[in-house]
1. How many residues does the range 380-394 contain that are assigned to a helix (DSSP H, G or I), modelled with pLDDT of 95 or more and loosely packed, with under 11 Cβ neighbours inside 10 Å?
2. More than 16 Å from the ligand (Cβ to nearest atom) and either within 19 Å of Leu215 (Cα to Cα) or touching a residue at least 12 places away in the same chain (Cβ under 8 Å) (or both): is that true of Leu103 in this structure?
3. What about Leu427, is it in a helix (DSSP H, G or I), at pLDDT 95 or above, farther than 30 Å from His219 by Cβ and hydrophobic (A, V, I, L, M, F, W, C)?
4. In the range 64-76, which residue that is touching a helix residue (DSSP H, G or I) at 6+ places or on another chain (Cβ under 9 Å) and in contact (Cβ under 8 Å) with a residue 24 or more places away in the chain is nearest to the ligand (Cβ to nearest atom)?
5. Can you list residue pairs whose Cβ atoms sit under 6 Å apart, with the first residue in the range 19-33 being closer than 9 Å to Ala79 by Cα and the second being aliphatic (A, V, I, L, M) and part of a loop (DSSP other than H, G, I, E, B)? Count only pairs 6 or more apart in sequence or on different chains.
6. So which residues in the range 191-208 are under 16 Å from Thr448 (Cβ atoms) and either hydrophobic (A, V, I, L, M, F, W, C) or out of contact with any His (no Cβ under 9 Å at 6 or more places or on another chain) (or both)?
7. What number of residues in the range 196-216 are assigned to a loop (DSSP other than H, G, I, E, B), hydroxyl-bearing (Ser, Thr, Tyr) and more than 16 Å from the ligand (Cβ to nearest atom)?
8. Filter the range 1-24 down to residues that are surrounded by 12 or more Cβ atoms within 10 Å (Cβ to Cβ) and small (Gly, Ala, Ser) and give me whichever is farthest from the ligand (Cβ to nearest atom).
Amino acid sequence: MKIWELEDGSKDEEVSALVEKFTAGEDVTYDEKLKDYDVLGSIAHVVGLEEIGVLTSEESSTLQRELAKLLEEEIELTAGDEDVHTKVENLLTQKLGDLGKKLHTGRSRNDQVLVDLRLFEKEKVFEVATHALDLAGSLTDFAREHVHTPMVGYTHTRRAMPSSVGLWAGGYAESLLDDLTALEGTYELIDRSPLGVGAGYGVPLSLDRELTAELLGFHQPANNAINIMNSRGKYEFELLSAVGAIQLDLSRLASDLIDFSEEAYGFFTVPEEFTTGSSIMPQKKNPDVLELVRGKSATLQGYITTLYSLLSGLRSGYSRDLQETKAPLFDGLQIVIDSLAVASPLVDGLKVNEDDLLSHFTGEVFATDRALELVQEGLPFREAYRKVKEELDEPHSSKTPEKEEIKDALAKRDHPGGPGNPGLDTLQEEIGSRRERWTAREEKFRRTLAELADVN
Ligand code: ARG
């Protein structure tokens, strides 16, 4: 039975089943993953109710103990259960009778689902950050190993300037750190407790929101009740957008690797375990993993758009439409986590083919270098530019330089951030300090929730 139903309510069973399936249907499969957070949120709420004298310490202890037992149990939800919040309360009432019915005092499923989601999201952010830092580490190691290995830089997909494998790989590592900076901003929003705002307008009890926030490991309680309710879906949009930036990097990296490992370039060899064969063409080693990383980015973009669209049509306050934010959130986060998880070992196994990289350094790649040489001889840049352009038009004008000349050209680009000075030491240090920061946050989160679960 639903917690909001009256016991003598007569109803058409067929219609009820239809409505149940429509309203709860797939959503309960996501709610199953929220069970532990729902229970922990409930324990914190019970402690808070005891603190303000709504529950006796005996009632509170019994409720907490029974709730903690649910942490050990696997719960399967069906549409008939409505959602995880109803299920947990019903289970408690089955075991404790009238006492179970006190659990929901001063709480709404609206703030409850927010608590569950914020805790779930924090855990997922830790997972994303760990994987993203692993990949940034792999890319930085790779960049350091090949810091001086020449690689043509392209613009408009055409050969442009001398560059290096170190700059290319270090660029992706730096980009991931940029994304993590944005993700930290979103994390700060999520790291505030929604518990205590009820349906979105507060409740007529002097709830100790500071206490429950602290018990749940939130940095602080979020303040305005309506703002908190309106943050449902909006924070999810921000979170998915932040991790979407990571997926964008991954997609671009995948595209580069697909192209640059193709025979026409041959710069890199993708480790064989990350390729798949063809059912008909025996020679094929297809970059399916990379193609799927790219393809899943399109799926993720769809989820981000879904969240935005859902919210942009809504008035303030809770509406059930918001339940539809769950699937894009869960599935979208999983795409990024899975893509990061394959990308890091793939980069670790990448092979660099220096001869193929060098073979793309035809003379015209050095046209800008040549123009700047003329500038050093005293020619204004625009004239030097024209002169080199004219030289390039002459047949056989641009001879392919020797490897040493190429390396010299790279070394000359020694300004910060250039191929001759890509700042990989600083990058590596930064990855280390970010890792410490995220690990400390995660450990605190786990410790706090373990303490809350440790009811006796
Ligand atoms: N399953 C619901 C959701 O995800 C829980 C909140 C239901 N609240 C309500 N007032 N019907 O949004």
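The values are calculated or read from the model by the stated rules, or taken from the named source; none is laboratory data. No experiment lies behind these values; they were computed from the predicted model shown. All Cβ positions, even for glycine, are placed from backbone atoms using ideal geometry, and neighbour counts span all protein chains on display.
1. Qualifying residue count for the region: 1.
2. Numbers: more than 16 Å from the ligand (Cβ to nearest atom): no; either within 19 Å of Leu215 (Cα to Cα) or touching a residue at least 12 places away in the same chain (Cβ under 8 Å) (or both): yes.
Judged against the criteria, Leu103 is not a match.
3. Values: in a helix (DSSP H, G or I): yes; at pLDDT 95 or above: yes; farther than 30 Å from His219 by Cβ: no; hydrophobic (A, V, I, L, M, F, W, C): yes.
The answer is no for Leu427.
4. Filtering the range 64-76 for residues touching a helix residue (DSSP H, G or I) at 6+ places or on another chain (Cβ under 9 Å) gives 64, 66-71, 73-76.
Adding the requirement that they be in contact (Cβ under 8 Å) with a residue 24 or more places away in the chain leaves 64, 66-68, 70-71, 75-76.
Details: Gln64: 23, Glu66: 22, Leu67: 19, Ala68: 23, Leu70: 18, Leu71: 21, Ile75: 15, Glu76: 17 Å.
The selected residue is Ile75.
5. Taking only residues 6 or more apart or on different chains, the pairs are Val28/Leu77.
6. Residues of the range 191-208 under 16 Å from Thr448 (Cβ atoms): 191-193, 195.
Leu195, the sole residue that qualifies.
7. Of the residues in the range 196-216, the ones assigned to a loop (DSSP other than H, G, I, E, B) are 196-208, 216.
Filter once more, keeping what is hydroxyl-bearing (Ser, Thr, Tyr): 201, 206.
If we keep only those that are more than 16 Å from the ligand (Cβ to nearest atom) too, we end up with 206.
The qualifying residues number 1.
8. If we take residues in the range 1-24 being surrounded by 12 or more Cβ atoms within 10 Å (Cβ to Cβ) and small (Gly, Ala, Ser), then Ala17 is farthest from the ligand (Cβ to nearest atom).
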